[in-house]
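Read the structure below first, then the notes.
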Amino acid sequence: MDFLHVLLGGVKFVQAKGRKLAVAGETGSGKTTLLKTIAGLAQPDKGEVLFEGRRVLGPAEQLIPGHPGIAYLSQQFELPQHLRVEQVLEYANELPVEDAKVLFRLCRIDHLMKRKTHQLSGGERQRIALAKLLIGSPRLLLLDEPFSNLDMIHKEILKFVIRDIGQRLDITCILVSHDPLDTLSWADEILIMREGRIVQQGAPQEVYLRPETEYVAALLGKYNLLVAGNGKQLFVRPEHFKVGKKAFPGALRGVIRSITFWGSFYEIEILQEAGSVLIARVVENDLAAGDAVFILPPWDGVWYLPVLDRGA
C-alpha cells in the first residue's frame, strides 16, 4: 500500500513513507492548492488523494475540513495573542508530559515557554505553530513556504528542526519553497509545477543538471545556453565552466564584463566574440573586468535541452 498517492489531473505522483518531497514552481503554478488538497482543506476539481489507503475527503464532503494524520503549516499561520507559549501549547497538547518536552526541544522552543506570543520573532512564532501541529502526532507534514520572510539565523534553525522531526519523530514531509537552495539540499525528489500540472519530476541532481525546459532550468538557478555545432542548445550551469587566461583545447573566447563576489564564489559575466553573454562561477579568482579569457564548457558531460521553447 502506498503511503500517499495523488491522482489530480495533471498532478500524479506516489510518495513513500519517509521520503522527502519538495514542490517548486512559479507563483500561481498550483503549489499551495496542491498541499491544501492533500490536507483535505481544498476540494479537488477532479481526481483524488489517497493517504494510507484512505481517500482524503475535501471540505465539501465533511463538516470539519482536514484529514487524520496530515498536518498543514500555512504561510498565514496564526497564534493566539497575549498568551504565554506554554498556554498555547497546553490547550492543544494530548501527549504525555515527557513526550511533549522532547517535541518542544526538537522544535527548539523549550526556552520560550514563559514568553508571550506577541513578544516573539517571526521565526520563533513559526516554530511554535509547527510544534502545535506536531502535538497531534501527524504522519505526514505539509510545509508551505516555511522559510519565507525569515532571516538567515532563524531559517537555518528551522531547517535543522525540519530535519530532526523527520528523523526523530518518523514524520514524512512535503515542502514547498521558491528558493532552490532550500529544496536541492533537502529533498529526495523534486516536483516542478506549472499551470496546475507537473512538468518534471526527479532527484534533485537530475532536475538541476538535466532540466527538460528552460522554465525548469530557470526555477533552479542561473544557466547558459550555447548553440552547438549540431544546432542544438547546450545547457551549462555557471559553475561548470572553466575560465582562465590560458587557452584550453575546445575553449571559447571572450572578455570579462563584470565580476561579483557572493561570499562562497565569484560570478563572472563574459562577453563572447559573437556578442552573447555567458555567466561563470569560480571559487578562486585572479581575473578582472576587461581581461580576455578562454571559457571551456563541459564537453564531456553535455546536456541538450530536449524542448527548446521556454514555455514548453
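The values are calculated or read from the model by the stated rules, or taken from the named source; none is laboratory data. Keep in mind that what you see is a predicted model, and the values were worked out from it rather than measured. All Cβ positions, glycine included, derive from the backbone under ideal geometry; neighbour counts span all protein chains shown.
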Please go through (1) crowded, with 21+ Cβ neighbours inside 10 Å; (2) in contact with a Leu (Cβ under 8 Å, 6 or more places away or on another chain); (3) not in a strand (DSSP E or B) for residue 71 and return the number of the only condition it doesn't satisfy.
(3)
For the range 17-54, give me the residue count where each residue is without any contact (Cβ under 8 Å) to a residue 60 or more places away in the chain and among the aliphatic types (A, V, I, L, M).
4
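Rundown of residues vs (1) in contact with a helix residue (DSSP H, G or I) (Cβ under 8 Å, 6 or more places away or on another chain); (2) loosely packed, with under 15 Cβ neighbours inside 10 Å, yes/no style:
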| position | (1), (2) |
| --- | --- |
| 88 | yes, no |
| 91 | no, yes |
| 95 | yes, no |
| 108 | yes, no |
| 122 | yes, yes |
| 129 | no, no |
| 144 | yes, no |
| 147 | yes, no |
When the range 142-161 is examined, which residues are found to be of a type in the set (A, V, I, L, M, F, W, C) and in contact with a Ser or Thr (Cβ under 7 Å, 6 or more places away or on another chain)?
147
Suppose the filter is in contact (Cβ under 8 Å) with a residue 60 or more places away in the chain, closer than 21 Å to residue 164 by Cα and not hydrophobic (A, V, I, L, M, F, W, C); does residue 74 pass it?
yes
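Do we find that residue 259 is assigned to a strand (DSSP E or B), touching a helix residue (DSSP H, G or I) at 6+ places or on another chain (Cβ under 9 Å) and farther than 30 Å from residue 29 by Cβ in this structure?
Details: assigned to a strand (DSSP E or B): yes; touching a helix residue (DSSP H, G or I) at 6+ places or on another chain (Cβ under 9 Å): no; farther than 30 Å from residue 29 by Cβ: yes.
It is false that residue 259 is assigned to a strand (DSSP E or B), touching a helix residue (DSSP H, G or I) at 6+ places or on another chain (Cβ under 9 Å) and farther than 30 Å from residue 29 by Cβ.
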Neighbours by Cβ (under 6 Å, 6+ apart or cross-chain): first from the range 271-291, farther than 20 Å from residue 235 by Cβ; second in a loop (DSSP other than H, G, I, E, B) and modelled with pLDDT under 95
none
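Give 101, 46, 36 a once-over and let me know the one that is of a type outside the set (S, T, N, Q), closer than 30 Å to residue 214 by Cα and exposed (fewer than 14 other Cβ atoms within 10 Å of the Cβ).
Numbers: 101 fails: closer than 30 Å to residue 214 by Cα; 36 fails: exposed (fewer than 14 other Cβ atoms within 10 Å of the Cβ).
Going through 101, 46, 36 in turn, just one is of a type outside the set (S, T, N, Q), closer than 30 Å to residue 214 by Cα and exposed (fewer than 14 other Cβ atoms within 10 Å of the Cβ): 46.
So, in the range 95-114, of the ones that are over 31 Å from the mean Cα position of the chain (by Cα) and of a type in the set (D, E, K, R), which residue ends up modelled with the highest pLDDT? Show your work before the answer.
Going through the range 95-114, the residues over 31 Å from the mean Cα position of the chain (by Cα) turn out to be 96-98, 114.
From what's left, of a type in the set (D, E, K, R): 98, 114.
Details: 98: 91, 114: 94.
Ranking the candidates gives 114 first.
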Restricting to the range 263-304, name every residue that is surrounded by 13 or more Cβ atoms within 10 Å (Cβ to Cβ), under 26 Å from the mean Cα position of the chain (by Cα) and in a loop (DSSP other than H, G, I, E, B).
265, 302
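Going by what's in this entry, would residue 251 be described as in contact (Cβ under 8 Å) with a residue 24 or more places away in the chain and either surrounded by 13 or more Cβ atoms within 10 Å (Cβ to Cβ) or of a type in the set (Gly, Ala, Ser) (or both)?
Details: in contact (Cβ under 8 Å) with a residue 24 or more places away in the chain: yes; either surrounded by 13 or more Cβ atoms within 10 Å (Cβ to Cβ) or of a type in the set (Gly, Ala, Ser) (or both): yes.
Taking the combined requirement at face value, the residue satisfies it.
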I'm trying to understand the selection: among the residues of the range 122-178, which are β-branched (Val, Ile, Thr) and under 15 Å from residue 108 (Cβ atoms)?
128, 153, 157, 161, 162, 165
Apart from one, (1) touching a helix residue (DSSP H, G or I) at 6+ places or on another chain (Cβ under 8 Å); (2) within 21 Å of residue 214 (Cα to Cα); (3) modelled with pLDDT under 95 all hold for residue 281; the odd one out is (3)
If I go through the range 20-53 residue by residue, how many of them are more than 17 Å from residue 141 (Cα to Cα) and part of a strand (DSSP E or B)?
2
When residue 14 is run through (1) farther than 18 Å from residue 144 by Cα; (2) at pLDDT 95 or above; (3) part of a loop (DSSP other than H, G, I, E, B), the failure sits at (3)
Quick check on this structure: which one of 206, 273 is charged (D, E, K, R) and in contact with a Gly (Cβ under 9 Å, 6 or more places away or on another chain)?
273
